[in-house]
Amino acid sequence: MKKLTLLLIIALIVVLSFSVFFTGCKTQTAAATTAAAVATAAAETTASTAAYNLIEDGFLTLGVAEDPPGSMWVSDSKLTGFAGDIWTEIAKRMGLKIKASQVVWDSLVPSIVAKKVDSDAVGMWSTLERSKSVDFTIPHGYEARAIQQLKGTKYDTIDSLKGLTVASVVGNAEVPDYEAAGAKINLFKTPILAIQDVINGNSVAAVVGEILFAYETTKTPELKEKMYQLTVKGDAGGALAFAIRKDNKGLLDAVNKVMEAMWIDGTMDKIYNDWGMSDYAFRRLPGTIPWVSPSCNSYVHSQYSYNEDGSIK
């Protein structure tokens, strides 16, 4: 009996030894498989992001200027504002991280050209002048041209400001048109300073952007009591788009495809709604707006048709 018991114990030890051996092999095999999968995924990601020609692999480096509600500075790893939210979603869908860099407005395009940033995270008009230096994505929004002014005045055309002083921001794309009409321009680093110049009586009106002024009046009730804005008669306004280096077609095409999908699945609408911009005038896909660059026009929404309010049929 003792001998049988001893044999059973030996057999059990042998079985356990084999079990441990095979379990260890399986664990090692699983670990090796997992490591291989991770390495493959990393290689695929590197290969795909290499086509984007990014300043830093794995990161979208974006220039941020104080342009509420398009963009406001938070940190070098987080964006806010409607342009910031759009880029955050783009980065997520492309498998990239965000790296933000503070840039003054008039240095945004030069910073892109100089490869200091990959693109901008602001509400920038895609003008013909800017398109000489950079390419633009498909539009992510639209903004009418407007003149901000004290209540009791009525400046609703560019020519109505001939010979008068207008406050604006350095780098504003609208400034040359007002200068050509004979207006004197006071330039400031931020929109708020330009608006304050009108309140102080140094300028009769400001040109800081329809969207920005509408947003600021919701944040500053006293501003709404003193000033309002009029849309410029007979002017189409401008398409809002992101600027990308001309030698970076890989990134331009990739971002365009993601933005196209965001228009279709309603993400763009949700972002603008979250920022209180439910009026379709802000999101109407311009199509015939003359300031969209040729590169942008080469990637149009031709495969879709739209209602007059800009929504997809």
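What to note about this one:
- 18 Å Cα-Cα reach of LYS154 towards aspartates and glutamates, excluding residues that sit fewer than 8 places from it in its own chain: ASP197, GLU210, GLU225, ASP235
- Cα centre as origin, Lys/Arg/Asp/Glu Cβ charges: the stretch 145-231 dipole, Debye: 160 debye
- Residues whose amide H comes within less than 5 Å of that of LYS246, counting only those at least five positions distant or on another chain, are ASP135 (H built at 1.01 Å from N in the peptide plane).
- Set against the 2.2 N^0.38 Å expectation for a compact globular protein, the stretch 145-231 has a Cα radius of gyration ratio of 0.95.
- When the pairs LYS99/LYS257; LYS92/LYS219; LYS92/LYS249; LYS184/LYS224 are compared against a 23 Å limit on Cα-Cα distance, LYS92/LYS219; LYS184/LYS224 fall above it.
- Proximal aspartates and glutamates relative to LYS270, as straight alpha-carbon distance under 17 Å, when same-chain residues fewer than 8 apart are discounted: ASP85, GLU89, GLU260, ASP279, ASP309
- Each Lys or Arg adds one and each Asp or Glu subtracts one; over the other residues with Cβ under 12 Å from the Cβ of ALA65, this totals -3.
- Proximal aspartates and glutamates to LYS116, defined as alpha-carbon separation beneath 17 angstrom and excluding residues fewer than eight positions away on the same chain: GLU56, ASP57, ASP76, ASP106, ASP135, ASP247
Rule-based calculations on the coordinates, nothing more; no lab input. Fair warning: this is a prediction, and the values are worked out from it, not measured in the lab. Note that we place each Cβ from the backbone using ideal geometry, even for glycine, and neighbour counts take in every protein chain shown.
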